[in-house]
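The next block holds one structure in the form of structure tokens; read it before the comments.
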Amino acid sequence: MTGVCHCRDCQKQTGTSFSIVTALPDGALSITGELRQRYPAYAEAAYPFGLSIFDLRKRLEPGEAVLLIQPVGNEVFSFAVSGESQAWNKASLSRKDIDRLVKLVRCRIDRESCTMALPDNRLFDPAVAHRLYRAVVEPVVAGLGDARTVYTVAGGSLSGIPLGLLVTDH
């Protein structure tokens with residue numbers, strides 16, 4: 001079982017505002033350790049571990065960056081990593097507010113699946129798209145460095161729209 005912890009003890013140990021906590025049955029760690037030692041390729045496929053920022057940077061080519069936007073509970077966190085910089089931020093809007101804005105953007109571009117009453121027939125609302133950009137992308141732009149290629153991963157409702165729709169200036 002895996003969960004996210006926000007307690008002060010975990011914050012002190014990890015140096016972040018949250019940490020991943022995993023509960024395993026007795027003996028699982030010794031089995032996992034033995035598998036990793038005897039069959040490293042199988043263990044890596046069966047029990048993949050996340051990349052550290054250092055390892056991620058080694059995999060990025062010059063001019064590339066990663067933008068990760070992930071909801072956790074009622075909050076949404078953004079992380080940006082490039083070869084030369086990194087940044088993270090907790091969105092100024094709640095997850096519920098972000099979900100509502102995403103729904104508005106989706107309704108404009110996919111009217112057939114929209115269940116909301118829209119006030120007009122515009123195909124796109126740049127003000128809403130800009131508000132989303134300001135909440136989840138703008139605070140971590142410095143972490144993208146000089147990247148010309150940005151690989152994006154978005155969780156929650158943001159996975160339902162192309163991040164390229166977000167407007168940087170309005």
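Hey, what do the phi angles of the range 89-102 turn into as Karplus ³J(HN,Hα) couplings, whole Hz, using 6.51/-1.76/1.60 and θ = phi - 60°, x for Gly and Pro?
7, 8, 4, 6, 9, 6, 4, 4, 5, 5, 4, 5, 5, 4
With a sphere of radius 13 Å drawn around the Cβ of Val140, what net charge do the other residues whose Cβ falls strictly inside it have (Lys, Arg +1; Asp, Glu -1)?
With Lys, Arg at +1 and Asp, Glu at -1, the net is +1.
Around Leu51, under 11 Å between beta carbons, what's the net of Lys plus Arg minus Asp minus Glu among the other residues?
+2
Thr152's amide H: which non-local residues (gap 5+, or another chain) put their own amide H closer than 5 Å, with H modeled 1.01 Å from N in plane and none for Pro or chain starts?
Hits under the 5 Å cutoff: Leu67.
A short reminder: the numbers here are calculations on the coordinates, not readings from a lab. For clarity, every value in this text was computed on a predicted model and none was experimentally measured. We place every Cβ from the backbone using ideal geometry, glycine too, and count neighbours over all the protein chains shown.
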